[in-house]
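The values are calculated or read from the model by the stated rules, or taken from the named source; none is laboratory data. Treat the numbers as computed from the prediction; the structure is a model and nothing was measured. Ideal geometry is used to build each Cβ from the backbone, glycine not excepted, and the neighbour counts take in all protein chains shown. Surface accessibility is based on the protein's heavy atoms, side chains included, excluding ligands, DNA and RNA. Shrake-Rupley method; radii C 1.70, N 1.55, O 1.52, S 1.80 Å.
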Amino acid sequence: MDRRHLSSTFVLLLFISFFSEVNPASFKIVNKCRHTIWPGFLSGANTAHLTTTGFVLKPGKSRTVTIPKSWSGRLWGRTLCGVDSSRKFVCQSGDCGSGQIECSGNGAKPPATLAEFTLNGAGGLDFYDVSLVDGYNLPMLIVVKGGKGGNCSATGCLLDLNGACPSELRVAGQNGGGGVGCRSACEAFGDPEYCCSGAFGTPDVCRPSRYSLFFKHACPRAYSYAYDDSTSTYTCAGADYVIMFCPPPYTSQKVFGARKDGALLPLVNKSMIYISSLHANGASLSDGLCKGMVVGFEFLVLKLGISH
C-alpha cells in the first residue's frame, strides 16, 4: 500500500471519527397516558441548551428532540396544567414555576419522576437513570435504540404509584381530586436521615429507609434514594433514546427490540402490578406493601390479556 493511499485512508478515518463524536442524539418523547402531559427539560450547568425546554404532548402523540452529544440534564412530565387567574401557566404536578409552557431554565417542583442523562461522559459512555429521589408523579420508561458498550438496558418506573402512595407522602389534587404525586421522605419530613445530608451524608451511613423501599419494591431499577447508584445507573454509547410516559406495566418485548437485557434487577415487580387500583384512596405503608404482594400474577395475566 503506497503512502498516498495510507494518507487518504487516515483522513477518511479521521473524518468519520470526528462526525461520529459530534453527531447528536435523539430523544423520542412518547405519551401513552390517557391525558395530556407537558414534558419539561432542564440542562445541567456548563452544558448546551436545547431548542425547547417544554411543550404540550397529547395522548398517543410523540415528539423527537435533538440532543447535543455531550448534553447532561433531566426531563419530566407535568400534569393537570392550565392558565390561572393571573394568566400564568401552572401545573398541579411537576410545575417548573416559569409561568409558561417553556420551563426556561427552571426545574421541576417535587414530587416528580425524573429521567436523568449525561451523554458522552466518562469513557465515551452515556449515563442515564430514572429517579424517584425527588418523589414520583408519573410512570416513565427509558428504552435505548441502537448504541453499543455499557449494558444499554431499559429502566424506569412502570407502575402508577399515586393511589398506593403512603398517606404521609401523598399529594392530593386541587378541589379534593385524587393523588397527583408521591413525595420522597426527604421532601415530606426534611430529616437528614432521609435526605442523606449532614451526619448522614455518606453512603456507609445513609441507608435505604422504609419509604425509599416502597419505591424500590415497586420499581426495582429506579433510583429510590441518594446512594442507590449500583442498581439504578445504566450506560450505553452512541445511542438514541425513547422516553415513554405511562407505559403499560408489561410493555411488549417489541419495544425493547432484539437487545438482550443483562440488568441485575427486573424492570417491574410483578407482585405489585395491581397495587394502584387496590389502594386508589391511599393507604398506610405496611398495608400497601403487604396487600400488593399477595395479588396473583397469573390472575392479572388472564384479566388484562398480557402475554409474558
Go through the range 107-141 and give me each residue that's over 19 Å from I67 (Cβ atoms) and assigned to a strand (DSSP E or B).
-> Y136
Residues being in a strand (DSSP E or B), open to solvent by less than 20 Å² (accessible area, probe 1.4 Å) and either free of Cβ contacts under 8 Å to residues at least 60 places away in the same chain or of a type in the set (V, I, T) (or both): count how many of those fall in the range 179-238.
-> 1
Which residues, counting only those in the range 142-162, are farther than 24 Å from L50 by Cα, under 14 Å from the mean Cα position of the chain (by Cα) and part of a strand (DSSP E or B)?
-> C157
If you go through the range 73-100, how many residues are surrounded by fewer than 19 Cβ atoms within 10 Å (Cβ to Cβ), of a type outside the set (D, E) and not in a strand (DSSP E or B)?
-> 8
Filter the range 157-178 for residues that are within 19 Å of W38 (Cα to Cα) and in contact with a Leu (Cβ under 7 Å, 6 or more places away or on another chain); the one that is surrounded by the fewest Cβ atoms within 10 Å (Cβ to Cβ) is G173
Top-ranked residue in the range 62-71 [being among the polar types (S, T, N, Q) and closer than 20 Å to F245 by Cα; ranked as least open to solvent (accessible area, probe 1.4 Å)] | S62
Please give the number of the condition A154 fails out of (1) in contact with a Leu (Cβ under 9 Å, 6 or more places away or on another chain); (2) open to solvent by 10 Å² or more (accessible area, probe 1.4 Å).
-> (2)
If V133 passes every condition in (1) open to solvent by 30 Å² or more (accessible area, probe 1.4 Å); (2) under 15 Å from the mean Cα position of the chain (by Cα); (3) at pLDDT below 95 but one, which one does it miss?
-> (3)
